[in-house]
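Written out below as structure tokens is the structure these notes cover.
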Amino acid sequence: MPSIQLRTSVPGPNSKELMRRREAAVARGVYHATPIFAARAEGATLEDVDGNHFIDFAGGIGVINTGHRAPRIVAAIREQVDAFLHTCFSVAPYEKYIAAAERMNAITPGNFAKKTLFVNSGAEAVENAVKIARFYTRRPAIICFEDAFHGRTMLTMSLTSKTHPYKAGFEPFAADVYRIPYAYCFRCSYSLQYPSCEMFCARHLEDTFKRVIDAESVAAVVVEPILGEGGFVTPPREFFQIIQDICRRHKILFVTDEIQTGFGRTGAMFASERYGVVPDILVSAKSIGGGLPLAAVTGRAEIMDAPQVGGLGGTFGGNPVACAAAVAAIETIEREGLCARAEKIGRRFEARATDWRNRFPLVGDVRGLGAMRAIEFVRSPETREPAREETDQITRYCCQRGLIVLSTGTYGNVVRLLVPLVVTDEQLEEGLDVLGSALASVAESRLEAAPHEA
Ligand SMILES: Cc1ncc(COP(=O)(O)O)c(C=O)c1O
């Protein structure tokens, strides 16, 4: 039986009514990607308030790698809820925080002593990684990248690249943040070609130390192994190795933001492993809590221990229910072999997307690692003009036919796969069929609109 079952048109009447209430009660600045409201979710499926059943390729933006309501996680949450909800780790600490920290120290790359700090959100974790890096190195500057996304707080917004909607109007930004090009080979900032470029963009970091900011003032390079909100841009392997080597040479901390790439998504627990690099600090969030708000900063013990007692923490950071969920989420990924599953999902997506590339000139680039995959759409293969409107049409078409899928990218012209890794083969194919028919429909409507281009 197909997983997608639509009882009303999308959005249905109950979702429309909730949208009306939402618009009256909720701040406009909170984005909504779909017009539906959730009632229930299980595995890789979601039911809305009108009884429509969707396949979920978004996973709450990469939070549900272990599936909606993963049994181990729900059981761990229930057990903790029955014990206590909050004492504050700084007031009456508890074992679950320590157990979750021990697990994080064990599963992150690097065969050395590590320590972990828990906070509430990805942005808060990135902020804390920067605080710790500055304290440890006693240096002020941070280097980040074009097309990066690190959050919406003052410092992380300053590290974020995309101006609209994340930065415009929210100035002034934090000081001592310097931005360099990422290895976005499909749109190279230097108009070079890989591999003949010899990774000029990575090597150029040395030049930055001469022209922009001296290396002795730089505390950390903060980088996503694959750009999440920047369009699932997936650099060549050497990119991170070169940057890591330059960091080590100048005693700059190498910090990977694995908030979207983490917890099995790329076919390894963390994408840093796929690139063969070992960050000094690794930042994680999203799927760490199986759906509960939690984020972690994990790093070399001597770095993490640099700030004084009381310099780190917060009222809610490392909530016991969220920590119990994290221990169960990590166990679920390991016991259910979700890293291997991510690899299989990714191969299937790539096979389908490669076929689409051959059929639809709209498909400009297909990329990703494991189950972190994406298609970048262009209006013309020659000019590579971003096809933003067409991308919106594709995601809208999918939603109306029962597939929740998100766009991404600085130009909003990328469709990304963040499907729960517990998706069945049948659900994956069913979802990909909808995506394929969306591409066909949008490609056809473009031909009708401009027959002379055919
Ligand atoms: C790579 C990356 N860093 C940071 C963040 C911010 O996380 P949060 O929304 O939990 O603050 C995100 C969120 O999408 C992200 O993808």
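Any read-out appearing in this document is the output of simple, stated calculations on the displayed coordinates, not a laboratory observation. These figures come from a predicted structure and were not determined experimentally. Backbone-built Cβ (ideal geometry, glycine too); neighbour counts: all protein chains shown.
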key: the range 147-213: trypsin sites (Lys or Arg not before Pro) in DSSP loop, at most 15 other beta carbons within 10 Å   = K167
ask   = So what is Rg over Rh here for the chain, counting just Cα atoms and using Kirkwood for Rh?
value = 0.96
task = Rank the residues Y97, Y178 as a footprinting-exposure proxy: fewest other Cβ atoms within 10 Å of their Cβ go first.
result = Y178, Y97
Computed Kirkwood radius, in angstrom, where 1/r is averaged over Cα pairs of the range 221-339 = 15.4
task = Report ³J(HN,Hα) in whole Hz for each residue of the range 237-242, in order, from the Karplus equation J = 6.51 cos²θ - 1.76 cosθ + 1.60 where θ = phi - 60°; Gly and Pro get x.
result = 3, 5, 3, 6, 5, 5
Two-site FRET efficiency, R20 against E331, from Cβ-Cβ distance with R₀ of 51 Å, rounded to 0.05 = 0.75
note = From fewest to most C-beta neighbours within 10 Å, the residues Y94, Y275 line up as Y94, Y275
task = Give the dimensionless ratio obtained when the Cα radius of gyration of the range 5-157 is divided by 2.2 N^0.38 Å.
result = 1.36
query = Do any trypsin sites (Lys or Arg not before Pro) in the range 242-291 lie in a DSSP loop with no more than 14 other beta carbon atoms within 10 Å, and if so, which?
reply = K251
inquiry  = From zero outward in steps of 10 Å, how is the percent of C-alpha pairs of the range 159-309 spread across the bins?
reply    = 10, 36, 39, 14, 1
request  = Determine the distance separating the Cα centre of the range 308-340 from the Cα centre of the range 120-192; give it in Å without decimals.
outcome  = 24
Quotient of Cα Rg and 2.2 N^0.38 Å for the range 3-53, N being how many residues it contains = 1.18
query = So how compact is the range 304-454: Cα radius of gyration and Dmax in angstrom?
reply = 20.0, 69
task = Quick one: Debye curve from the alpha-carbon atoms of the range 201-246 only, equal weights, vacuum; give me log10 I(q)/I(0) at q = 0.30, 0.34 Å⁻¹ to two decimals.
result = -1.13, -1.23
